[in-house]
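*Asks:* The structure that follows is given in the form of structure tokens.
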Amino acid sequence: MTTVVSPVDGEVLALADVPDPVFAAQMVGAGVAVRPAASQQRVEVRSPIAGKILKLHPHAFVVFTAEKQGVLVHVGIDTVKMRGEGFELLAAEGDSVHAGDPILQYDPAAIAAAGYSDIVPVVVMDTAPDSVNAKSVGLNVVVGDSLFELP
């Protein structure tokens, strides 16, 4: 089984608690979210699994496993509207990565100033709602701690 690990330090939340109806209803897939620990400095977001970066945007990325499962990491809610401001890419589409490799970083102050949340949903693409065991919900995690196993 493949373990999906936390891309950031913070508190694990159920997707139902994410202030976005698409993530909350698990329309993209099942998973959890991490509310990043408060930081005055740039936050590095790391790959939650080993695989290949299929898609990479300033605010989000998808890593595809060898078994053809995609895991989406989305930094913040509505942060696409920031058009990359406050974000810096540390990897490229097509890169092979290990769990824990840095993918991007962001400035929490820029997201807050834009009026958005920096909650980080971590979702297994195209999976049925509640198809992952989200036993990590409620825990405080650091980068690399287990969030759930791929279904």
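*Asks:* Regarding residue 102, is this residue in contact (Cβ under 8 Å) with a residue 60 or more places away in the chain and not β-branched (Val, Ile, Thr)?
*Replies:* no
*Asks:* Right, here's the next one. Restricting the search to region 56-113, which residues are of a type in the set (Val, Ile, Thr) and within 22 Å of residue 29 (Cβ to Cβ)?
*Replies:* 62, 63, 65, 71, 73, 75, 77, 79, 80, 97, 103
*Asks:* Please verify whether region 114-131 includes one or more residues that are in contact with a Lys or Arg (Cβ under 6 Å, 6 or more places away or on another chain) and either modelled with pLDDT under 95 or open to solvent by less than 60 Å² (accessible area, probe 1.4 Å) (or both).
*Replies:* Yes, the conditions are met somewhere in region 114-131.
One line per residue, one yes/no per condition, for (1) aliphatic (A, V, I, L, M); (2) more than 17 Å from residue 111 (Cβ to Cβ):
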residue	(1), (2)
10	no, no
14	yes, yes
24	yes, yes
28	yes, yes
34	yes, no
37	yes, no
41	no, no
44	no, no
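Residues are listed down the side, and each one gets a yes or a no for (1) of a type outside the set (S, T, N, Q); (2) modelled with pLDDT under 95; (3) open to solvent by 30 Å² or more (accessible area, probe 1.4 Å):
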position	(1), (2), (3)
66	yes, yes, yes
72	yes, no, no
81	yes, no, yes
90	yes, no, yes
96	no, no, yes
101	yes, no, yes
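The values are calculated or read from the model by the stated rules, or taken from the named source; none is laboratory data. These numbers come from a predicted model, not from an experiment. Cβ sites come from the backbone with ideal geometry, for glycine too, and all protein chains shown count toward neighbours. Ligands, DNA and RNA are stripped out before the accessible areas are found, and what is left, the full protein with its side chains, is counted by its heavy atoms. Shrake-Rupley method; radii C 1.70, N 1.55, O 1.52, S 1.80 Å.
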